[in-house]
């Protein structure tokens, strides 16, 4: 049998080398723009065009890449932009490197939540709140609204909608009840949380659209295998992309972080048409 396989060995090695080269040298820097449609407003008025990005992390170490990502976000001409956390990679003073995010432009504003990396160390007792405060302050100084168990009600594209931001789950700072206090049930909600697991087990408002990041879509995404591993590890029912949580639509963006390895999943800028 080995003798019969030998003629195919050079071709197999060539394929593996091509896959490895693409996975390490091309895919981790090959930003893709995805588009999805969601129903939230019962079809009334024009769709709200939102852009969702997450997990910028080390992008500030790749200035051209980060500037290109921001330019690509702006090229979508979004009504609103959502930033789903993990802006830094734990180094001292990392928040001072986030300046390019201040160049993001959206008609109705840019809204952000914090992620586990923004707390430097995660866990209820280890989370570094002062570090997270500095990250949030930097974003706010650039005109980005940071929602930490808070909300804003806006009128956008003919729709009245509550933008709800949940603080980080791994840092044990998430508080849905506080975040939604005072929102009328008649107002549709878009809820942003860095970690999709933050939504599990919560009593969510009817019809709310759930947005998150955190997973990087597994970086290496093998059909069925990666999602199965995610479930076994208690990290949610899906590793990325469009999903359902009960009756709620959810979208988990793959993150824009460059470097490392990517296979069958690229860094992502998610365009969401919400009507």
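Computed values, structure above
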quantity	calculated
Spacing of the two label points (7 Å from each Cα toward its C-beta) at residue 273 and residue 37, in nm	0.5 nm
Extension gain from residue 152 to residue 74, taking 0.36 nm per residue of separation minus the Cα-Cα distance	25.9 nm
Fully extended contour minus Cα-Cα distance, from residue 183 to residue 107, at 0.36 nm per residue	25.1 nm
The chain - share of DSSP beta bridges that are antiparallel (%, nearest 5)	40 percent
C-alpha long axis of helix 63-75 to longest principal axis of the chain, angle in °	60 degrees
Tilt relative to the chain, helix 9-21 - C-alpha long axis, 0 to 90 degrees, to 10	30 degrees
Ellipticity estimate at 222 nm from DSSP helix runs (n ≥ 4, -39,500 (n - 2.57)) divided over the chain, nearest 500	-6000 deg cm²/dmol
Label point distance in nm, residue 21-residue 44, each placed 7 Å from Cα along Cα→Cβ	5.6 nm
Ranked list, fewest to most other Cβ atoms within 10 Å of each Cβ, for 214, 248	248, 214
Burial ordering of 254, 217, 124, fewest other beta-carbon atoms within 10 Å first	124, 217, 254
Shape category assigned to region 1-98 from the gyration tensor of Cα positions, a/c cut at 1.5	oblate
Cα-based shape type of region 111-209, given that a ≥ b ≥ c are square roots of the gyration tensor eigenvalues and the cut on a/c is 1.5	oblate
Prolate/oblate/rounded label for region 31-274 (Cα gyration tensor, a/c 1.5)	rounded
Between helix 129-141 and the chain: long-axis angle, C-alpha atoms, 0 to 90°, nearest 10	80 degrees
Approximate spin-label separation residue 247-residue 233, in nm, with each point projected 7 Å along Cα-to-Cβ	3.3 nm
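Each reported figure results from applying straightforward, stated rules to the coordinates on display, with no laboratory input. No experiment lies behind these values; they were computed from the predicted model shown. All Cβ positions, even for glycine, are placed from backbone atoms using ideal geometry, and neighbour counts span all protein chains on display.
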